[in-house]
């Protein structure tokens, strides 16, 4: 399991949104997610919401950002897959709102 240091990010993807993806029934999503969710750690990314459960991606930032980008490629904007980012070992999760925000940030660095 990846150890998150104080300077890195942790990423998670909303479980309810994952199950609603059209490609969730194909082999693509399981092949992308199984290697990076071996412990199936669930976090409450938006406390107070019924559908706030998200699965933690146990991988480096670049891989997590690429997975988010791939899963969102065929997703309509109005049904955006909710993904979250947390700095270090903090408790507050922030949404990665735009489909390419994670990848754009990674490319800018």
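Here are a few things to note about the model shown:
- Segment residue 16-residue 40, extension gain: residue separation times 0.36 nm, minus the distance between their alpha carbons: 7.2 nm
- FRET efficiency for residue 60 and residue 94, using Cβ-Cβ distance with R0 set to 22 Å, rounded to 0.05: 0.75
- Residue order, fewest to most beta carbons within 10 Å, for 65, 58: 58, 65
Read-outs throughout are calculated quantities, based only on the coordinates presented, and are distinct from any laboratory measurement. Remember, it's a predicted structure, so these values are computed and weren't measured experimentally. So basically every Cβ, Gly included, is an ideal-geometry build from the backbone, and we count neighbours across all protein chains shown.
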